[in-house]
Each structure stands twice: as C-alpha cells, then as structure tokens.
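The structure under discussion appears below in the form of structure tokens.
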Amino acid sequence: MIRSDTIVASATAPGRGAISIIRLSGPQCVQIAQTLSGKLLKPRIATFGSIISQSEVIDTGIWIYFAGPHSFTGEDTVEFQGHGGPVVTQTILHLMTHLGARLAEPGEFSQRAFLNGKIDLTQAEAISDLINASSVSAVKAANNSLQGNFADQVNSIISHLITLRTQIEAHIDFPDEDIEPQSINAFSLAITDIKTDIDKLVQSAHEGAKLNRSAEIVLIGEPNAGKSSLLNALARAPLAIVTDIPGTTRDLIRHELLIDGLEIRITDTAGIRSTTDIIETEGINRAIKALQAADLVLCLFDERHQQISEDTVQNLIGILPNIPVGLLNTKIDIHRKPINNQTRYPLLEVSSKTGEGLPEFRNWLLEKLNLTTHAETPFLARQRHLEHLKHANLHIKAADHHHVAVETIDLIAEDLRLTQNALSEITGRFTSDDLLTSIFSTFCIGK
Ligand SMILES: Nc1nc2c(ncn2[C@@H]2O[C@H](COP(=O)(O)OP(=O)(O)O)[C@@H](O)[C@H]2O)c(=O)[nH]1
Ligand SMILES: [Mg+2]
C-alpha cells in the first residue's frame with residue numbers, strides 16, 4: 001500500500017439535501033473522527049454521534065469506520081453521514097482540515113483505490129461512467145466494466161500474449177538454431193488467434209463507446225414533411241423556424257432532450273430535395289453527414305405519401321449499414337388514411353400540432369435507444385480505450401504480417417511487446433503518471 005496523507009471531501013452532491021456524506025481516507029482519519037465525535041469507532045459498526053467544536057454541537061449523525069485494506073480506497077476510511085446543508089458541510093470540512101486532513105482533488109479516492117490495487121483503471125473509469133450514465137443501457141454497461149468484465153477480456157488476451165512472447169523470445173537468444181516447423185506453425189496460429197480476439201474487442205468497444213454520450217437522433221425528410229415541427233414539439237419550445245415554405249430549415253438545429261432520464265440529442269435537418277440554392281445545398285450535405293454519426297435515423301413522411309418502399313427510404317438516406325431507422329407518418333390530424341409501409345422499418349404516426357401519437361413515439365424511442373440498440377454491449381468504452389485498442393490492433397497486424405522465421409523473429413517479438421503495452425495501458429498496468437492525473441481529474445470531488 002502507498003503511504004499517503006489523509007484526504008477529505010463531501011461525497012454527496014453540493015446543495016441542500018436530507019443527508020450529506022463526508023468521507024475521510026488516510027492514516028489520520030480515525031484520529032480526526034474520534035477527536036470530533038468523542039467516541040471510539042469500531043470497524044464496520046455505525047456509531048451515532050455528534051460533531052462538537054468548542055463545546056458547541058455542529059451536527060449529529062452517523063460515523064462509519066472502514067479499516068484498511070477492507071475499504072474502497074484500501075486505506076483506513078471514515079464516513080460521516082450528517083445533515084445535508086451546505087454551511088454544515090463546509091463547517092465540518094473546515095474542522096477536519098484543521099485537524100490535519102487535506103481537501104481531496106477530484107477523483108482522488110478512486111485514484112487511491114487504483115494505486116492500492118483495489119480496482120484497475122477500467123473499473124475506476126466505470127465508477128465515473130456509472131455516475132454520468134445517460135441511459136439504462138449505459139448503467140448496465142458501466143456495471144459490467146465495474147465488475148471487471150472488460151478488464152477480464154483484456155487480461156485474457158494479455159496472458160496469451162505473455163505465453164507466446166516467452167516462447168518466441170527464447171528463440172531470439174539462439175539465433176543460430178533453426179525454428180522447428182511445428183513451432184513456426186504454433187506461433188503463426190497463436191498470433192492469428194490473438195488478432196481475432198483483439199478484432200472482437202475493438203468491435204464491442206465501438207458499440208460500448210456509443211453509450212458514453214447522448215444518443216443521436218437525426219430527423220430526415222422532404223421539405224415540409226414536419227421535421228422542424230416535430231423537434232419543436234419534442235423540445236416544447238419553438239427552436240426551429242416552421243413555415244409552409246419548402247427549404248425553410250437550412251442548417252442543422254440540435255437540441256438535447258431528457259426523456260425518462262435518457263439523454264437524447266435530436267438534430268433537425270434541411271429537407272432533402274434537389275436545389276440550386278447554394279446555402280440549401282450545403283444544408284443538405286450537412287444533413288447527409290449527420291446521418292453517419294446517428295444512433296437512430298427517423299424518416300418523416302406526410303400526406304403526400306400513400307406508400308413507402310425501401311427505395312423511398314433509400315432515396316432519402318442512402319444506405320446506412322448498422323444504423324437503426326424508424327419511419328414517422330406526420331400530420332395525422334389532417335389526414336387519417338394510413339400509409340402503406342412496404343419496408344422492414346417500423347412506422348409510427350404523430351401529429352406535432354395536436355400532440356397525438358407523441359407519448360407512444362417517446363416510449364418507442366426509449367425502448368429503441370435503451371434496449372434494442374445496445375442490448376449486447378458488454379462494457380462501456382471510452383475514447384482512450386479505443387485509441388489503445390487501435391494501437392494494439394496495428395501492432396498485432398504487423399506481427400501477423402511477418403512470415404515466422406529466424407530472420408523475422410525479433411521483429412515479431414517487438415510487435416508483440418508493443419501489442420501487450422497498448423493493451424496494458426487500458427487496465428493501467430502500464431500507464432504514465434500524467435495519464436493517471438488526467439483521467440482522475442475528470443471525476444467528481446469525493447469520488
Ligand atoms: N396540421 C399539421 N400541420 C403540420 C404538422 N407538422 C407540421 N405541419 C405544417 O407543415 C408545414 C411544414 O412544417 P415544418 O415543420 O417546417 O416542416 P420541415 O420542412 O420538414 O421542417 C408547416 O406549415 C407546419 O405548420 C402537424 O402535425 N399537423
Ligand atoms: Mg424544417
């Protein structure tokens with residue numbers, strides 16, 4: 001365990017609330033807590049007590065002592081659950097710092113847990129991601145990472161790499177001896193297997209990375225299909241200009257919505273049509289570009305369409321592999337005749353004017369974005385993970401590219417070493433101090 005000073009922070013959100021939790025971690029925490037409470041604290045026993053300063057009661061609450069290494073940080077830790085007022089909390093923090101604690105930096109508790117080997121880097125990040133999760137799928141994926149599923153997958157590849165490297169490096173020491181044909185075979189196979197495993201991990205990580213941000217929905221349709229009106233109805237504010245003049249919306253208009261706790265970014269676009277107007281053409285190009293980054297594309301059709309075929313949809317959005325598409329029949333307050341849907345995509349009916357169909361549409365969105373899109377996501381990936389996986393992928397591909405022989409063996413060994421380093425950076429087994437500081441500084445204070 002790393003010896004360190006004692007840190008303190010409020011672990012609950014700032015502001016007024018029923019309860020405020022103050023957390024101390026480090027060698028002096030028990031002494032500080034016992035001085036303030038006048039009680040003898042026993043590990044894992046909740047002790048009711050007050051905080052007394054100069055014979056005045058500042059707060060009354062519950063003290064809990066977690067003796068290291070059986071605590072979150074791995075050090076001695078004490079939590080005080082008191083009343084949730086900002087002045088009370090500040091006063092207690094002040095008293096604790098006066099007795100020798102230091103105010104914690106953001107993420108410092110998690111950083112200590114990492115440094116003391118209680119969690120790896122992916123688990124530490126998952127704690128922060130769980131707190132910031134913007135959907136139920138993100139919560140599930142963050143918990144998967146927190147339980148170590150992501151790290152397990154990375155570590156399993158690393159352990160195969162270590163076995164292979166040990167065997168391969170043995171040959172480097174004897175450059176005059178030929179490598180047995182069966183060893184050449186075994187090495188090539190092992191390299192290909194590792195490459196396949198890394199490929200799979202890259203794929204899952206790309207899926208998992210989508211969960212780390214708001215879901216992107218793009219509205220697409222011919223001019224006047226009702227896109228801007230739908231954005232306004234969902235946002236409950238006149239964000240986009242609505243007129244019956246085709247070509248009114250020219251730039252992308254984005255709005256963040258919160259539906260049942262799910263963060264959604266919805267983008268209104270210029271209607272797709274052929275036009276000679278330079279500004280409108282640029283708007284259409286932007287609309288098409290926005291489609292590529294979407295988690296869900298919604299194609300809007302009004303009464304001008306009696307039927308929708310796969311071609312109709314393809315004319316609007318082209319071919320978008322792997323991006324879910326939904327169809328919306330708009331303005332149902334003025335035309336009741338159902339549209340004949342000949343596509344494989346679901347069709348919903350809405351009126352932005354009367355609000356009819358909007359609650360069902362919202363529920364459908366939730367289900368689609370929360371459950372369907374990311375149902376199989378095994379973990380929540382960050383940009384940092386994607387970068388390291390990309391490097392691992394490049395190096396293992398380079399290793400795979402060589403024909404295994406005495407002349408190439410040290411090049412292969414070097415590629416494998418670099419692959420392993422890239423993977424180890426994900427779990428933090430091989431990470432610079434600068435990187436650690438930048439990761440933990442994005443955490444909340446008290447976490
Ligand atoms: N009756 C009715 N009119 C609508 C509805 N949604 C849009 N409109 C009208 O259709 C026209 C085009 O709407 P707009 O939202 O600007 O379409 P956009 O070009 O796709 O953005 C406007 O005159 C709107 O008032 C609706 O639900 N019901
Ligand atoms: Mg518009």
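The values are calculated or read from the model by the stated rules, or taken from the named source; none is laboratory data. Quick caveat: nothing in here was measured; it's all calculated off a predicted structure. Neighbour counts run over all protein chains shown; Cβ positions are idealised from the backbone, glycine included. Only protein heavy atoms, including side chains, enter the accessible area calculation; ligands, DNA and RNA are left aside. Shrake-Rupley method; radii C 1.70, N 1.55, O 1.52, S 1.80 Å.
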Please list HIS70, HIS401 in order of solvent-accessible area, largest first, computed with a 1.4 Å probe with all protein chains present. HIS401, HIS70
Filtered hits (lysines, Cα-Cα < 22 Å from LYS39, offset >= 8 within chain) -> none
Surface accessible to a 1.4 Å probe, per residue, for the residues of region 7-120, Å²: 48
With DNA, RNA and ligands ignored, accessible area of GLU425 (1.4 Å probe; Å², nearest 10): 50
Let me check something: with ligands and nucleic acids excluded, how do THR281, THR442, THR77 order by accessible area (1.4 Å probe), largest to smallest? THR442, THR281, THR77
Per-residue accessible area for LEU230 at 1.4 Å probe radius, Å² rounded to 10? 0
Order VAL313, VAL406 by their accessible area, 1.4 angstrom probe, all chains in place, largest first. VAL406, VAL313
For a distance above 12 Å, tell me the whole-number percent of Cα pairs in region 25-84 that qualify. 63
With an 8 Å cut-off on Cα pairs and a minimum separation of 6 or more residues, tell me the relative contact order of the chain in percent. 18
About the Cα centre of the chain, what is the dipole size in debye to 20, counting +1 per Lys and Arg Cβ and -1 per Asp and Glu Cβ, all else neutral? 1860
In Å, the Kirkwood hydrodynamic radius from C-alpha pairs for region 219-367 sits at 15.4
Counting only DSSP loop positions in region 149-239, the GluC sites (Glu not before Pro) whose Cβ has at most 12 other Cβ atoms within 10 Å are GLU177
For region 7-120, calculate the relative contact order in percent as a whole number, restricting contacts to Cα pairs under 8 Å that are 6 or more residues apart. 31
Using a 7 Å offset from the Cα along the Cα-to-Cβ direction at both HIS401 and GLN31, what is the distance between the two label points in nm, to one decimal? 5.9
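Could you grab the relative contact order for region 219-367? Cα pairs under 8 Å, six or more apart, rounded to a whole percent.
Working: 264 pairs, mean separation 33.8, N = 149.
In percent, rounded to a whole number, it is 23.
Looking at the chain, do any whole DSSP H helices span at least 20 angstrom along their long axis by alpha carbon and average -0.5 or above on Kyte-Doolittle, and which?
Those that clear 20 Å and a mean of -0.5 are 149-172, 181-210, 278-292, 409-427.
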Expressed as a whole percentage, what fraction of the accessible surface of region 198-280 belongs to carbon and sulfur atoms when a 1.4 Å probe is rolled over the protein heavy atoms? 53
For region 219-367, accessible area per residue (1.4 Å probe, heavy atoms of protein chains only), Å²: 51
Which one of HIS402, ALA294, PRO338 is farthest out on the positive end of the charge dipole of region 275-413, using unit charges on Cβ (Lys, Arg +1; Asp, Glu -1) and the Cα centre as origin? PRO338
How are the alpha carbon pair distances in region 311-419 distributed across 5 Å bins from zero to the largest one, expressed in percent? 2, 9, 12, 11, 12, 10, 8, 7, 7, 6, 5, 5, 3, 2, 1, 0
Just to confirm my numbers, what's the Cα centroid distance between region 1-60 and region 253-289 in Å? 51
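Report D for the chain in µm² per second (integer): Stokes-Einstein, Kirkwood Rh on Cα pairs, 25 °C, 0.890 mPa s. Numbers along the way, then the final one.
Details: Rh = 26.1 Å.
Reported coefficient: 94 µm²/s.
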Under 12 Å from the Cβ of CYS299, count the other residues' Cβ atoms, weight Lys and Arg +1, Asp and Glu -1, and hand me the total. -2
What list of whole percents do you get for P(r) of region 7-120, with Cα-Cα distances grouped in 5 Å bins up to the one holding the largest distance? 2, 13, 24, 26, 20, 10, 4, 1, 0
Test item: Cα-centred dipole of region 219-367, Lys/Arg +1 and Asp/Glu -1 on Cβ, debye: 80
What's the carbon and sulfur percent of region 7-120's accessible surface, probe 1.4 angstrom, rounded to a whole number? 58
Name the trypsin sites (Lys or Arg not before Pro) in region 300-374 that are in a loop by DSSP and that have at most 14 other C-beta atoms within 10 Å, would you? ARG304, ARG336, ARG344, LYS353
Rounded to the nearest 10 Å², the accessible area of VAL88 at probe 1.4 Å: 40
